[in-house]
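> So that we are looking at the same thing, I have put the structure below in structure tokens.
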């Protein structure tokens, strides 16, 4: 029976794991987390999927309890700038296109071309991002929960079977502050927190981990060890020798340089989206938090030097970057061949990582934790459950890899060698065949990567029609159908977008209001 879990490494991965295990299993499991005060976390401002709300709900945390402490903001979409051509932008929103007459509004858009921007013509969220709106009214009501201005029906957000209802937003937050918040939350609920340096990982005669040796606390023994040591993979890769499978043949961006930029958010405003701005050797992220911007240049070291990347990032930020300390990061792109071997499971960067283009880091952590609980055996050594876990986690990462490769392959931009090479690199198995299908028909459940990995067909469609590198024809049959209802739906999208923009507060106004309310709820002296 697994009753003692030792987590090596803190940060977001370690503390999300510790708190989730405690919330799931309570007193039936003993959780110890050991982390060194000398190891800094990589977190530079984190963006997430909308599924992360399930994590906070599972812990019983409302937004007003954790968002202010983590300087969090809302994310309705990703804004892609300069991927198609310099000066062009589009959104990948958390919004499935509506259905008209049994066909997606995306199909109708290709047929009718009601405007020049797919995202703006089919999505309410694109307009909210442009207007820097909050997804909630000042009273906390989510905008999509009300009846539309026409009074006839709520906003259509039907979900494919098994996917659940789509949530209209995710979050940005300071990952270091979240780890600090979860540290307090976890220790108050029984997680043993050991601040110490791990000197050695000791194996038994079977090759399982027997204990980890710490400098000041001696041996820490457990039934299951969780490797949250980041790119080092101290337990899984180093001690157990599990090989690492690189993705760099198709995703060459292996480095990043990051800045934390103080800004006057009150005057600047906060666009409720992550921004990914294409550059000559990669792209720059911009994540708005309540007190600053998190920004960084993700680039390929084969095309740009460390010094050149830092110079480009500082020029991109402007005078606000003067005298700010930068954080240079070398990324390990790919995944471990197996994330759970013997009595060790890797979660976070030690398990795998793709570049942060679609904000998948926290999603990988959350998925791994949820799968760990689902596959937790009654006894220590259950190879079938481990294999099932490894299949699911591996397929999720491989699926994300494919989706990110598509971003580069399908981008119309080809103005230098870096961008020209994105069209000729090896494609992951199966992607070339799928791309040929999409040249005839938009992605659907039968033509995307055959495993749910956070991205549904509507995400593929948003990227293909935004990036502009693949020419996709309209379905011929739509020319034989009555177009009137589709025309009305496009008009309704425009009407709803204007109505919500007019009525919703700005994101900054909402968060400032909520922070004041949160402060009022906090007893003096806490």
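> Show me the ranking of peptides 316-325, 452-461 by mean Cβ neighbours inside 10 Å, starting with the highest.
Top of the packing list down: 452-461, 316-325.
> Tilt of helix 361-374 relative to the longest C-alpha principal axis of the chain, in degrees (0 to 90, nearest 10)?
So the inclination is approximately 60 degrees.
> Helix 175-188: angle to the longest alpha-carbon principal axis of the chain, degrees 0 to 90, nearest 10?
On a 0 to 90 degree scale, this one is about 50.
> How many percent of the alpha carbon pairs in region 1-138 exceed a separation of 24 Å?
53 percent
> While we're here: Given the C-alpha centroids of region 365-384 and region 184-231, what is the distance between them in whole angstrom?
18 Å
> How large is the Kirkwood hydrodynamic radius of region 376-460, counting all unique pairs of alpha carbons, in Å?
14.8 Å
> Evaluated at 10 °C with a viscosity of 1.306 mPa s, what Stokes-Einstein diffusion coefficient in µm²/s does region 240-352 have when Rh comes from the Kirkwood expression over alpha-carbon pairs?
100 µm²/s
> Sort 13-19, 280-286 by the packing proxy (mean of other Cβ within 10 Å over each peptide's residues), most packed first.
13-19, 280-286
> On a 0 to 90° scale, report how tilted helix 484-503 is relative to the longest principal axis of the chain, with both axes built from alpha carbons and the result rounded to the nearest 10.
60 degrees
> Take 91, 303 and order them by how many other Cβ atoms sit within 10 Å, fewest up front.
Taking fewest neighbouring Cβ atoms as first place, the list is 303, 91.
> Ok, one more. Show me the ranking of peptides 109-121, 76-88 by mean Cβ neighbours inside 10 Å, starting with the highest.
76-88, 109-121
> What share of the DSSP beta bridges in the chain is antiparallel, in percent to the nearest 5?
Rounded to the nearest five, the antiparallel share is 75 percent.
> What's the FRET efficiency of residue 483 with residue 378 using the Cβ-Cβ distance as r and R₀ = 60 Å, to the nearest 0.05?
Between residue 483 and residue 378 the formula returns 0.55.
No lab work stands behind these numbers, since they all come straight from the coordinates. Just so we're clear, the structure is a prediction, and the values are computed from it rather than from any experiment. Glycine also receives a Cβ, built like all others from the backbone with ideal geometry; neighbour counts cover every protein chain displayed.
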